[in-house]
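Below you'll find the structure, written out as structure tokens, and then a few comments.
Readers should treat all values here as calculations from the given coordinates under stated rules, not as data from a laboratory. Predicted, not measured: the structure shown is a model, and the values here were computed from it. Glycine also receives a Cβ, built like all others from the backbone with ideal geometry; neighbour counts cover every protein chain displayed.
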Amino acid sequence: MKHKTSLKAILLTTLLQAKALTVVLLLTIIGAIVFGLLPPLVLERAVDRMTAGEAPGLPLAVLYFAMLGLSGLFDAGKEFLITVLGQRITRGLRSAMCEKLSRLPAQYYTSQDPGATVSRFVGDVDTVEALFASGIVSMAVDICKVCSIVAVIFVKSRGLGILLLLLTPVLFKLTRVFQKRMLAAHLDNRKAVSRVTHHVPETIRNIRMIHVMARESYMEQRYGEALEDSFRAVERSNFYDAIYSPIITVMSALVVAVMMLCASLGGSWQALFGMTVGSAVAVTNYVGKVFTPLESIGMEIQNIQSAMAGIQRIREFLNQPEQADANETLTAETLQGSGAPAVALEDLHFSYDGKQEVLHGCTWQVGRGETVTLTGRTGAGKSTIFKLLLGLYQPDSGNVSVLGSPAAEVPAKLRRHLFGYVEQSFRLVPGTVVEQISLWDDRISLSDVVSAAKLVGLHDVICALPKGYDTPCTESLFSQGQFQLLSIARAVAADPEILLLDEITANLDAETEHLVLDALQKAAENRTVVSISHRLYSKSAGRQTAIG
Ligand code: ATP
Ligand code: MG
């Protein structure tokens, strides 16, 4: 099945789904630019009337405030709609990425640091939202604003227009210098804050070792250094922030002062800079307005740059090769009726990284209903064979088949009824005791869960809990041995054909081991069992196969 994973396709689909929103946003943007230009022009007329000794009149005053109100309204509407559209894009992107995550092969997770993947979901997607919310769209709006203001100023005063044209690049450069320094300070602070926030859980996790090894002062010193770095970075950022605004205010006042001075010089200067009092008021108003979008454009360039890096990382993620498609035509009946052995490996070669081979030509098979124990030195590849049987990895060469079909082709929906996999340690999921066993699989009823718990001898322990089977499960609810029993209950609840047991008694005391082995013996009846163990788990256990 082909999945839509191109970033462009995801963005286009989201924008098309929000067609009405996009059109309204465009209209709002035009409104914000036009109504942003009008109030100083109305003000100019009012002041000119007053200087001519006439009253400006109520309609003009009402018009002025109406224009101001509309300008503010369109601006607010524009911000709101850009945010809504940005959030829609983020939601579309995150759900496409989440779907992709479940289609990635297990190899991806061995070669990638989980933190790197998480940061693609969080930080990188946020930068794409910023690309819309405070990047491309806002930059286009701000460029339009600057151009239209400069154009109006040109009409009102050619001299001031030229002055602003000359000043704009200087001002823009200055703004960028400040922004880059502030960004560097922000990044330093973010790094320091992440060190600070990691330090606390790390200390809590290792607190016993820290006390036993007397490392308290070392931990305090590390925490202090991270705090100090963060403090210095925040100070730097505050300093740039504090001096930028006064510099802009002084520059804007200087422009107005130069304009006034030149207008008072007479002659050709007067022709270039001279204007009515009303125009002077309007132009002063515009000069104040031109600095804000210029400052925003600098920030928007920054956002677009970081969004580009984020987009690149999201694109890399979406282009990751996906796991092989399962053979959806396979059914439980076809597998059961195939007459093939339960499990068969044929000249199997496998490496995790494509370089270092872990399995070098393994060939063996397990007949239906047979019990086989895999033995071998540590690191020989015993657990790896289980991962290949579960279809998590593809062999480099040779075959891994389950009931006559390649393991990787077994559809996910059949897997739980085919395999009961008990790992060396229990994987707790957030939820109740029932959910630990059923894993929210609606094919497993409450009575299946209770039967599985009875089979492993945990029923009475669970009934004694405050809410019985509905007790929320935490790490301290059961002992390690009881969790191992719960793990077996989880494996047998779906009544699987084949049990895969990976050194499940390795960390248990003799008495608990006895309990677990007893539970297993019952669970193994009428099933194929492949176990990895240093000891045979049943007196009547079948043959042993050495790996490596
Ligand atoms: P043990 O008896 O200690 O459990 P094992 O026979 O089960 O050992 P495996 O866990 O299959 O051994 O590992 C075989 C080799 O594959 C080891 O050298 C290990 O370093 C490597 N290996 C295991 N899992 C991964 C992985 N996810 N990515 C890369 N290499 C791995
Ligand atoms: Mg192992």
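Worth pointing out:
- Rg/Rh (Cα only; Kirkwood hydrodynamic radius) as it applies to region 1-73: 1.41
- Summarising the overall dimensions of region 136-208 from its C-alpha atoms, the Rg and Dmax are 22.7, 75 angstrom.
- Relative to one another, the C-alpha centroids of region 277-310 and region 116-146 are positioned 17 Å apart.
- The average projected area of region 277-346, computed from the convex hull of its Cα atoms over all directions, is 10.6 nm².
- Kirkwood hydrodynamic radius over Cα pairs of region 445-503, then Stokes diffusion coefficient at 20 °C and 1.002 mPa s, in µm²/s: 178 µm²/s
- Per-pair calculated FRET efficiency, R0 = 35 Å: Leu58 and Val256 via Cβ, rounded to 0.05: 0.75
- Packing-based exposure ordering (other Cβ within 10 Å, fewest first) of Thr373, Thr168, Thr528: Thr168, Thr373, Thr528
- With a Förster radius of 22 Å applied to the beta-carbon distance between Ala116 and Lys173, the computed FRET efficiency rounds to 0.05.
- Here the chain is treated with +1 on each Lys and Arg Cβ and -1 on each Asp and Glu Cβ, and its dipole about the Cα centre works out to around 1540 debye.
- Rounded Å value of the spacing that divides the Cα centres of region 216-240 and region 80-102: 35 Å
- Listed from fewest to most Cβ neighbours within 10 Å, the set Cys147, Cys362, Cys262 follows the order Cys147, Cys262, Cys362.
- A straight chain from Leu101 to Glu333 at 0.36 nm per residue would run longer than the Cα-Cα distance by 80.5 nm.
- Calculated P(r) tail over 13 Å for region 366-407, as whole % of Cα pairs: 61 percent
- Region 30-142: C-alpha pair distances exceeding 24 Å, %: 53 percent
- Which of Ser447, Ser157, Ser237 has the fewest Cβ neighbours within 10 Å, and the rest in rising order: Ser447, Ser237, Ser157
- Point-to-point label distance, Met213-Arg158, nm (Cα→Cβ direction, 7 Å offset): 7.8 nm
- Using only side-chain charges placed at the Cβ, +1 for Lys and Arg and -1 for Asp and Glu, the dipole size of region 42-89 relative to its Cα centre rounds to 200 debye.
- Here the spin labels are modelled as points 7 Å beyond Cα on the Cα-Cβ line, and at Glu409 and His514 they lie 4.8 nm apart.
- Compactness of region 427-469, taken as the C-alpha radius of gyration over 2.2 N^0.38 Å, stands at 1.08.
- Helical mean residue ellipticity (222 nm; -39500 (n - 2.57) per DSSP H run of 4+; nearest 500) of the chain: -21500 deg cm²/dmol
- At most 15 other Cβ within 10 Å, DSSP loop - GluC sites (Glu not before Pro), region 418-520: Glu475
- Convex hull volume of region 391-497 per residue (C-alpha atoms, cubic angstrom): 108 Å³
- Backbone HN-Hα couplings from phi across region 334-347 [Karplus 6.51/-1.76/1.60, Hz, Gly and Pro as x]: 4, 5, 5, x, 6, x, 6, x, 4, 9, 9, 10, 9, 6
- Rounded to the nearest 20 debye, the dipole size of region 343-395 about its Cα centre is 180 debye, using +1 on the Cβ of Lys and Arg and -1 on the Cβ of Asp and Glu.
- Listed residue pairs exceeding 20 Å between alpha carbons, taken from Lys382/Lys454; Lys387/Lys522; Lys387/Lys454; Lys156/Lys289: Lys382/Lys454; Lys387/Lys522; Lys387/Lys454
- Over the C-alpha trace of region 246-376, radius of gyration and Dmax come out as 38.5, 109 angstrom.
- Structural descriptor for the chain: relative contact order 15 percent, calculated from alpha carbon pairs under 8 angstrom and at least 6 residues apart.
- Asn399 paired with Leu26, simple spin-label distance in nm, labels 7 Å along Cα-to-beta-carbon: 5.9 nm
- Cα point-scatterer Debye curve for the chain, base-10 log of I(q)/I(0) at q = 0.10 Å⁻¹: -0.99
- Estimated FRET transfer efficiency (Ser447, Glu322; beta-carbon r; R0 25 Å; 0.05): 0.10
- The share of Cα pairs per 5 Å bin across region 246-300, counted from zero up to the longest distance, runs 5, 19, 23, 22, 14, 10, 6, 2, 0 percent.
- Percent of Cα-Cα distances greater than 19 Å, calculated over region 107-160: 58 percent
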